[in-house]
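Reading through the structure tokens given below for one structure.
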Amino acid sequence: MAFVDPMSLIHHANAHLEELPRRYRLDRVPNTDMDIQIVDREMADEVRSVNSLSGGETVLVSLALALGLASLSAREMSVESLFIDEGFGSLDRETLEVALSALEDLHAAGRQVGIISHVQGLEDHISAQVRVEKVGAGRSRVVVG
């Protein structure tokens with residue numbers, strides 16, 4: 001198992017946050033090894049606990065951390081696939097568009113991006129889909145398209 005330098009991860013995550021809404025910046029909590037805090041640029045650089053984030057804010061920060069980890073690990077290995085499980089339902093329309101644009105950029109750069117979601121309207125942004133549809137009587141079918 002490789003060691004992840006927290007400051008390098010935060011640096012890479014912040015680079016990805018710059019491509020998402022630029023409201024947030026991640027910092028390390030002073031005198032800790034891995035604790036992260038949020039700097040809210042729209043609130044006069046107020047320092048916030050990650051526990052104070054709304055659902056949509058948590059999705060954006062988590063996405064930035066996942067992308068940062070992928071960037072960090074790309075030095076030693078090729079990370080070609082990224083799967084994101086949910087969270088999109090908590091984003092407002094504008095933030096959803098920004099997050100999807102960042103994911104489309106990753107796809108254009110040759111990475112496979114899988115999104116697991118029940119949010120209506122996402123299918124307009126995703127060309128290749130695997131859907132699970134209810135058939136009835138406790139059964140379902142898989143549709144690939």
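Below, the figures for the structure above:
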{"quantity": "Any hit, the range 91-113, residues being modelled with pLDDT under 75, open to solvent by 80 Å² or more (accessible area, probe 1.4 Å), touching a strand residue (DSSP E or B) at 6+ places or on another chain (Cβ under 8 Å) and under 24 Å from Asp5 (Cα atoms)", "calculated": "no"}
{"quantity": "Strands (runs of 3 or more DSSP E) within the range 7-86 that include 2 or more residues of a type in the set (Ser, Thr, Tyr), exposed (fewer than 14 other Cβ atoms within 10 Å of the Cβ) and modelled with pLDDT of 90 or more", "calculated": "none"}
{"quantity": "Candidates Val130, Val143, Val119, Val135 - the one that is open to solvent by less than 40 Å² (accessible area, probe 1.4 Å) and modelled with pLDDT of 80 or more", "calculated": "Val143"}
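The values are calculated or read from the model by the stated rules, or taken from the named source; none is laboratory data. Owing to the predicted nature of the structure, the values given are computational and were not obtained by experimental measurement. So basically every Cβ, Gly included, is an ideal-geometry build from the backbone, and we count neighbours across all protein chains shown. To get the accessible areas, we keep the full protein, side chains included, count just its heavy atoms, and leave off ligands, DNA and RNA. Shrake-Rupley method; radii C 1.70, N 1.55, O 1.52, S 1.80 Å.
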